[in-house]
Amino acid sequence: MMADKKAGLKSQEYFINMGPQHPSTHGVLRLLLSLDGEIVKKVEPHLGYIHRSIEKMCEFDSYGQIVHLTDRMDYLASHINNEAVCLAVENALEIEVNERIKTIRTIIAELQRLSSHQLWWGVMGMDLGAITTFLYGFRDREMITDIFEETCGARLTMNYNMPGGLMFDIHPDFQKKVKAFLKHFKKKLPEYDQLLSDNVIFRERTVGVGKLSKEDAISYGVTGPTGRASGFSNDVRKQEAYSAYNKVNFKEILYTEGDCFARYKARIDEMWESMHIIEQLIDNIPEGLYREKMRKVIKLPKGEYYQRVETPRGELGVYIISEGGMSPYRLKFRSPGFSNLSALDHMARGSKIADLVAIMSTIDLVIPDIDR
Amino acid sequence: MKAIIHYFKTIFAALKTLVKGMAITGHYFIHPKEIITQQYPENRDTLKMFERFRGEVVLLHNENNEHRCTGCSACEIACPNGTIEIITKRVETPEGRKVKQIDRFVYHLSMCTMCNLCILACPTDAIVMSNDFEHAVFDRSQLTKILNKPGSKLMEGVRH
Ligand code: SF4
Ligand code: SF4
């Protein structure tokens, strides 16, 4: 007792669990924070709360069945995940799908990116205390999910891609609805800026918060808008164009600040670019089969295959090792969320707990993507 | 002095942006037509799902209680998660031939991921996805369904 008094008041580092049941971790992610007062000293993510061993399950499934499992990884980008597996299988079989399939895949992938960013925008506002944005984000996303439901048969876990093509042809109303959506959303996207981007409270909480330099982004493997906001040019759509991306014009959004606000702006700008891509393709869907003729039983030749695609969160890699059988010997997903999460500790060190929420929000984590 | 001016400037800027945001809220307040919320379940009678919406697997029966399932098990093999179990039996036809027929088409709704692979696999188009999405029940066992109706039989002329 006496000794304490002599030394005066001493502060001590302590630990606190953020999650697994915490609204701003957007799922079951547990962060072990070590804190000094309100200052974050260290962030240690603990994973595994939603691990379903999808990679292991893939080893027992046929290639056609694997596709639907990827819906359940990054559920906000299910079409793009499906596409990644399908492209990997098609590459291995040396099949090139026709232009119609490529175009439809690209349009839906960009719609998916839009819907994912809309949801992210809504949730981001909510994390920082603005519930209204959540409702506006969902309002616009609803139109896209309706388009998905009409053409693909489901709103979230669409399973619309198959190795060799698509499950159905597009719905007769597809083009009309997509155009109606673009017209609607072009008017609504400026509202997003008006509501949130210019808001002074929002700016105070994001500008200069959670900085990530370009070097760090590269060494942590941070991809997607998170990496591009730090100036790390990593858009797979540009660098290794797949599907119909080599036929369209679009800008790769790059910011150099690397803070929360840059990440926010990068996503907002990406929404404009996505709309731009869809506009170029929607009137020019070529004729053709919606599914190429494929063998009933798909067997990949012995070897290793890798395919990268750009999901709304970054680079998704599918690495298949085949022994020549009906299922892969091993299948590994390089998920963007996992690598992006690894940089969280670096970004959050020295900031306040409230900033940590903003940082997590701008990394746009989807937990099932991290855990798989 | 400068600091004080800056302080007040920030406050005014803040108020301005807040008003800007509130303008949108106000706009929707006086334009209720632009609101798209659906009143579920009040609108149950008028609610129409999209034709392709995948709600659950059903085995189609016609008015004579006949279905098209030959018991070939293609759907069972196609299913990624063991949702479907086809249990067949051997029956004797009037001509004295022994043929395979389905005894029970067991469907575990609780395991189904609505992936549509079974529907694509079926050679005789016996099963389809229905639009019904209200699956809530009080007991888990109710989710295991026998899809072939009692007394139903194979439609004339359907072969593998
Ligand atoms: S929809 Fe998919 S999971 Fe459901 S029964 Fe058919 S194949 Fe199995
Ligand atoms: S539903 Fe179709 S695929 Fe399944 S057993 Fe019957 S005929 Fe075969």
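Things worth noting here:
- Whole-Hz ³J(HN,Hα) from phi, Karplus 6.51 cos²θ - 1.76 cosθ + 1.60, for segment A:99-107, glycine and proline x: 5, 4, 4, 4, 5, 4, 4, 5, 4
- In whole percents, the pair-distance distribution calculated for segment A:157-290 from its alpha-carbon pairs, binned every 10 Å from zero, is 11, 30, 33, 20, 6, 0.
- Fraction of alpha-carbon pairs over 36 Å apart in segment A:52-370 - percent: 16
- Threshold 30 Å² - residues in segment A:138-154 whose accessible area is reduced by that much or more when the chain is no longer isolated, probe 1.4 Å: A:R139, A:E149, A:E150, A:G153
- Residue pairs, from the table A:K179/B:K33; B:K100/B:K153; A:K238/A:K265, whose Cα atoms sit over 18 Å apart: A:K179/B:K33; A:K238/A:K265
- Note on A:193-199: average number of Cβ atoms from other chains within 10 Å of each residue's Cβ is 4.
- 5 angstrom amide H check on A:L31, placed H, neighbours 5+ away: A:M18, A:G19, A:H46
- The amide H of A:Y255, built 1.01 Å from its N in the peptide plane, has A:A229, A:S230, A:G231 as neighbours under 5 Å, considering only residues 5 or more places off or on other chains.
- Take every pair of alpha-carbon atoms less than 8 Å apart whose residues are at least six positions apart; their mean separation over the length of chain B yields a relative contact order of 27 percent.
- For B:3-14, mean number of other protein chain Cβ atoms within 10 Å: 1
- For A:K247 and A:D283, the difference between the fully extended length at 0.36 nm per residue and the C-alpha to C-alpha distance is 11.6 nm.
- Added length on full extension, which subtracts the Cα-Cα distance from 0.36 nm per residue, B:H6 to B:Y28: 4.5 nm
- Amide H partners (placed H, <5 Å) of A:G165, local residues excluded: A:E292
- Solvent-accessible area per residue in segment A:103-170 equals 20 Å², computed with a 1.4 angstrom probe and all protein chains kept.
- Residue by residue, segment A:55-71 carries 3J(HN,Hα) couplings of 4, 5, 4, 4, 5, 10, 9, 6, 5, x, 7, 4, 3, 6, 5, 5, 3 Hz when phi is fed to the Karplus relation 6.51 cos²θ - 1.76 cosθ + 1.60 (θ = phi - 60°); x denotes Gly or Pro.
- Between segment B:96-153 and segment B:15-33, the alpha-carbon center distance in angstrom: 51
- Taking segment A:180-296 and dividing mean pair separation by its residue count, relative contact order in percent (alpha carbons under 8 Å, at least six apart): 25
- Rule-of-thumb Rg ratio for segment A:281-357 [Cα; 2.2 N^0.38 Å; N residues]: 1.74
- Inter-probe distance in nm under a simple model that places probes 7 Å from Cα toward Cβ, at A:E94 and B:L109: 4.9
- Cα→Cβ-extended label distance, 7 Å offset, between A:E59 and B:N81, nm: 2.1
- With the gyration tensor restricted to C-alpha atoms of segment B:57-154, the semi-axes of the equivalent ellipsoid amount to 24, 15, 13 Å, longest first.
- Cα gyration tensor of segment A:231-372 - equivalent ellipsoid semi-axes, whole Å, descending: 33, 24, 12
- Note on segment A:297-361 and segment A:91-136: Cα centroid distance 17 Å, given to the nearest whole angstrom.
- Computed FRET value (nearest 0.05) for B:D45 with A:Q21, which takes r as the C-beta separation and R₀ as 45 Å: 0.75
- Averaged over residues, the count of other Cβ atoms within 10 Å places the peptides B:36-46, A:76-86 in the sequence A:76-86, B:36-46, highest first.
- Distribution of pairwise C-alpha distances over the protein assembly as shown, 10 Å bins, in %: 3, 16, 25, 24, 17, 8, 4, 2, 1, 0, 0
- As a calculated quantity, the FRET efficiency between B:L15 and B:D132 at R0 = 60 Å, using C-beta atoms, amounts to about 0.70.
- Cβ-based net charge around B:R52, under 10 Å, with every Lys or Arg adding one and every Asp or Glu removing one: -2
- Largest GNM mean-square fluctuation across B:M22, B:M49, B:M114, computed for chain B with C-alpha springs under 10 Å, falls on B:M22.
- Value of relative contact order over chain A, rounded to a whole percent, pairs C-alpha under 8 Å and six or more apart: 25
- Cα-centred dipole magnitude for segment A:52-370, charges only on beta-carbon of K, R (+1) and D, E (-1), debye, nearest 20: 180
- Karplus 3J(HN,Hα) series, Hz, for segment B:14-21 with 6.51 cos²θ - 1.76 cosθ + 1.60 (x for Gly, Pro): 4, 4, 4, 5, 5, 5, 4, x
- Summed buried accessible area for B+A [probe radius 1.4 Å, Å², rounded to 100]: 2500
- Accessible area of A:L156 in the full protein assembly, 1.4 Å probe (Å², nearest 10): 70
The values are calculated or read from the model by the stated rules, or taken from the named source; none is laboratory data. Fair warning: this is a prediction, and the values are worked out from it, not measured in the lab. Here Cβ is always computed from backbone atoms with ideal geometry, including for glycine, and neighbour counts include all displayed protein chains. Accessible surface areas use protein heavy atoms only, side chains included; no ligands, DNA or RNA. Shrake-Rupley method; radii C 1.70, N 1.55, O 1.52, S 1.80 Å.
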